[in-house]
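Trainee: The structure that follows is given in the form of structure tokens.
The values are calculated or read from the model by the stated rules, or taken from the named source; none is laboratory data. What you see is a predicted model, and the numbers here were worked out from it, not measured in a lab. Every residue, glycine among them, receives a Cβ derived from its backbone with ideal geometry; neighbour counts consider all protein chains shown.
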Amino acid sequence: MCGIILHANFKYKDSPPQQANESVINQYQDQYQRGTQGYGAVMINEEREICIKRATEATKMLIDLYSVEAPIVLLHHRTPTSSKNKISQTHPIFVHNDKLKFAYLIMHNGVISNDDEIKALHEKEGFNYTTHRALTETTFEFNDSECLAIELALFMEKIIPTMRVSGSAAFIGVKIDKKSGKAINLIW
């Protein structure tokens with residue numbers, strides 16, 4: 001199962017928030033066995049600007065975490081199960097669609113058991129999967145986490161009354177203002 005980490009420091013009175021990077025790196029070292037092949041980090045600065053870094057190797061991920069300091073850091077690390085270890089299939093999953101008022105970045109760990117069914121449903125509803133890639137002319141793969149990410153967005157915006165995915169998962173994410181591209185809320 002994948003590993004997910006969120007560390008958020010907020011401004012207190014007049015003092016600036018502390019950077020979260022070191023804490024996230026330390027937590028990763030405690031749980032690295034949860035995934036050592038695909039990485040995604042979201043760093044959010046004091047102005048709520050978002051920086052996303054992706055890697056397929058731990059060394060690159062650690063360099064990214066040390067190079068972009070931020071008071072809010074989310075990290076996902078995985079051993080791929082539903083797709084290859086490719087940058088395009090790492091977390092966070094970006095969910096953006098005209099039906100949605102906001103955009104979302106979602107990271108999750110868990111297993112989705114009806115991913116093919118839900119992907120077909122989402123495609124009928126007008127969602128394009130960003131993790132979908134062709135293996136051959138007739139075979140394709142996608143990160144099953146994208147099913148959960150889209151379902152969460154639809155559910156949080158009350159477009160669907162209940163989640164339609166089957167399985168179990170924990171998640172963390174960021175709700176994003178589509179116009180400014182800035183973080184609005186953290187969700188988990």
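Trainee: Got a sec? Which of Ala120, Ala153, Ala103 is surrounded by 16 or more Cβ atoms within 10 Å (Cβ to Cβ) and out of contact with any His (no Cβ under 8 Å at 6 or more places or on another chain)?
Mentor: Checking each option against the conditions leaves just Ala153.
Trainee: For the stretch 112-148, name all the residues that are of a type in the set (D, E, K, R) and at pLDDT 80 or above.
Mentor: Within the stretch 112-148, the first condition is being of a type in the set (D, E, K, R), and the residues that meet it are 115-117, 119, 123-125, 133, 137, 141, 144, 146.
Once the filter is applied, which keeps residues that are of a type in the set (D, E, K, R) and at pLDDT 80 or above, the stretch 112-148 yields Asp115, Asp116, Glu117, Lys119, Glu123, Lys124, Glu125, Asp144, Glu146.
Trainee: OK, next. Which residues, taken from the stretch 147-178, are aliphatic (A, V, I, L, M) and in contact with a Gly (Cβ under 8 Å, 6 or more places away or on another chain)? Even if it seems obvious, please write down each step before you answer.
Mentor: Step one: list which residues in the stretch 147-178 are aliphatic (A, V, I, L, M), which gives 148-150, 152-154, 156, 159-160, 163, 165, 169-170, 172, 174, 176.
Answer for the stretch 147-178, where residues must be aliphatic (A, V, I, L, M) and in contact with a Gly (Cβ under 8 Å, 6 or more places away or on another chain): Leu148, Ala149, Leu152, Ala169, Ala170.
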